[in-house]
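Beneath this line is the structure, given in C-alpha cells, with notes to follow.
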Amino acid sequence: MNLAKNAVDSLADFREQCRRQLERPIEQRIKYGFFRNYKPVLDDAPCRVFHTMQEYRQWAAQNLPEYLGFRPAQVIMREDSGSKSSNVRR
C-alpha cells in the first residue's frame, strides 16, 4: 500500500515539475535542458577526417571506450549469441 502511495506521489511531483518547466521562457528551457558531457577521445581533437566509413569504423573500434557504444555490430552479435536478445539492435 505504501509503495502505491509513493508511486502516486512521484507522479504528482513529476507533473508539478513539468508544469513549472513549461512556465519558463523557451530560452531558459534550452539553456538548462542540455549539459556538456566530456567524451574521451572524441572530444580530444577539434575534428577528424576519414576517407571511408570503413576507415572510421576501424579507428572507432581501436580507439573509443566500449561504454560510448562504438563497436562493430559483429562484436555485439557475438557477445549476445548466448542470450535470447541476440537479434536486438544496439
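Enumerate the pairs (first residue in segment 30-57 and at positive phi; second residue anywhere and of a type in the set (A, V, I, L, M, F, W, C)) with beta-carbon separation below 7 Å, excluding pairs fewer than 6 apart on the same chain, so at least 6 apart or on different chains.
41/64
Could you list, in sequence order, the residues of segment 21-44 that are closer than 30 Å to residue 70 by Cβ and surrounded by 10 or more Cβ atoms within 10 Å (Cβ to Cβ)?
The answer is 30, 31, 32, 33, 39, 40, 41, 42, 43, 44.
Quick grid of which residues meet (1) small (Gly, Ala, Ser); (2) modelled with pLDDT under 90; (3) surrounded by 10 or more Cβ atoms within 10 Å (Cβ to Cβ):
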residue: 19; (1), (2), (3): no, no, no
residue: 46; (1), (2), (3): no, no, no
residue: 52; (1), (2), (3): no, no, no
residue: 66; (1), (2), (3): no, yes, no
residue: 74; (1), (2), (3): no, yes, no
residue: 78; (1), (2), (3): no, yes, yes
residue: 86; (1), (2), (3): yes, yes, yes
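The values are calculated or read from the model by the stated rules, or taken from the named source; none is laboratory data. What you are looking at is a predicted structure, and each value in this text was computed from that prediction instead of being measured. Heads up, the Cβs are rebuilt from the backbone with ideal geometry, glycines too, and the neighbour counts pull from every protein chain shown.
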